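Here's the structure we're looking at; comments come further down.
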Amino acid sequence: MLVVLSQFPHGAPDLERRAAKGRCELYIQPMDRAKSEPIPASVRAKADAIVHYPAGTRIEGKLADWPKVRAVLRSGVGYDLIDLAGWGRRGVATFNVPDYGTSEVADHALALTLALTRGTATYHDALRTDPAGNWSHAKAPVVRRLRGAVFGVVGLGRIGLAAASRARGFGMEIAFFDPFLSSGMEIAVGAKRMKSLGELMEVADVLSVHAPSSPETAGLIGAEAFARAKKGMVLVNTARGAIVDLDALYDALRAGRVAAAGLDVLPREPADAEHKLVRAWIKREAWLEGRLTLSPHAAFYSPDSLVDMRVRSVDTVLAHLETGSLVSCVNIESLKTKPKGRKP
């Protein structure tokens, strides 16, 4: 069997080779040479599976260029640019790696919450600027007690639930909006289920976004949602940048409807220095000081999480090729036929 590692960004594929354990041949296309060295037609013709790495790029060529492929995997959580329906019509199962950074992203969501509500990032910057003159608790404008506050979750999946459990450890009450969860989930997790995003916006002291990126969620947290936000809300987004309308967030922050925001993801990455919100943050405009913190789409990251992602990517496609396993398949509904793997 031949597995193609498409736009591979990790240097030496030592972990992938150990995960394969001689069960397949690997073809590695380094990410930094992808444009100048496309995958040869002869390799595409023989490939049994594709493991594709960068979230913001497409798999090379047309689906017809990969006639033998039986499994496609996006090495990460998001799969926005993978043609799920197209592969499905060919009976090709498509996968992601949904659980490699669950702990890290949940931790990061709470870290951003704490950086704002306990003022740690603001104090750090203020004291570095003037250790004596800024020695004051009043330098952080968004500090508040978390115990008894409502931690609102948009999307109570694996990461949303993990973040909620951490917030509960700080004494917060949990509310959520997720129209895709089955009835009764609120009882199982001991949280208050809201019937709409607007209802959640009205009660959340902290709103943590954990929804996937899709046409339905693009701009979901926008002007209409912010208009219903509880005054003084803190917004945290560690999911996908397109879910939050950055223009609407600027207006909500400027108007004081939203007290602060912690963003690990942005609609355009790297950060667009010309966007009015990012520009105001860079220039340290007085109205925004202590009310916005950014990180560089790093919530998923730890050395351990990268090992998990790399190993599980290879394990998942080989499990499908060998046994027909559909664990972490993201296009089951569009599969023309349920594929069968080769029996080991």
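Laboratory data are not the source of any read-out in this text; all were calculated from the coordinates shown. None of the values given here were measured: they were computed from a predicted structure. As a convention, Cβ positions derive from the backbone with ideal geometry for all residues, glycine included, and neighbour counts pool all protein chains shown.
Numbers below:
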{"read-out": "Degrees between helix 158-169 axis and first principal axis of the chain (Cα, 0 to 90, nearest 10)", "value": "30"}
{"read-out": "Proximal lysine pairs, the range 102-294, alpha carbons under 25 Å, eight or more residues apart or interchain", "value": "10"}
{"read-out": "The range 123-189: equivalent-ellipsoid semi-axes (sqrt of 5 x gyration tensor eigenvalues, Cα, Å)", "value": "37, 12, 9"}
{"read-out": "P(r) weight above 19 Å for the range 102-294, C-alpha pairs, percent", "value": "57"}
{"read-out": "Aspartates and glutamates with Cα under 15 Å of K21, excluding same-chain neighbours fewer than 8 positions away", "value": "D315, E322"}
{"read-out": "Cβ crowding within 10 Å averaged over residues, with 33-46, 278-291, 152-165 ranked highest first", "value": "152-165, 278-291, 33-46"}
{"read-out": "The chain: relative contact order as a whole-number percent, Cα under 8 Å and 6+ apart", "value": "19"}
{"read-out": "Inter-site label distance for M31 and V143 at 7 Å from Cα along Cβ, in nm", "value": "3.9"}
{"read-out": "For the range 34-100 and the range 261-301, distance of Cα centres in Å", "value": "32"}
{"read-out": "For A93, residues with placed amide H under 5 Å, excluding near neighbours", "value": "V72"}
{"read-out": "Length added when fully stretched, Y301-A223, from 0.36 nm per residue minus Cα-Cα", "value": "25.0 nm"}
{"read-out": "At q = 0.08, 0.11 Å⁻¹, base-10 log of I(q)/I(0) for the range 29-188 (Debye sum, equal scatterers on each alpha carbon)", "value": "-0.44, -0.70"}
{"read-out": "Nonlocal amide H pairs with V4, under 5 Å, H built at 1.01 Å", "value": "Y27, D48, A49, I50, V51"}
{"read-out": "Neighbourhood net charge (12 Å Cβ-Cβ; Lys/Arg +1, Asp/Glu -1) for E199", "value": "+4"}
{"read-out": "Rounded to whole Hz, the Karplus (6.51, -1.76, 1.60) HN-Hα couplings of the range 265-280, x for glycine and proline", "value": "10, 9, x, 10, 10, x, 4, 7, 5, 8, 5, 4, 6, 5, 4, 5"}
{"read-out": "Taking N as its residue count, the alpha carbon Rg of the chain over 2.2 N^0.38 Å", "value": "1.10"}
{"read-out": "In degrees, nearest ten, helix 120-129 long axis to first principal axis of the chain (Cα)", "value": "70"}
{"read-out": "Gained length - R23 relative to R268, 0.36 nm times residue gap less alpha-carbon distance", "value": "84.3 nm"}
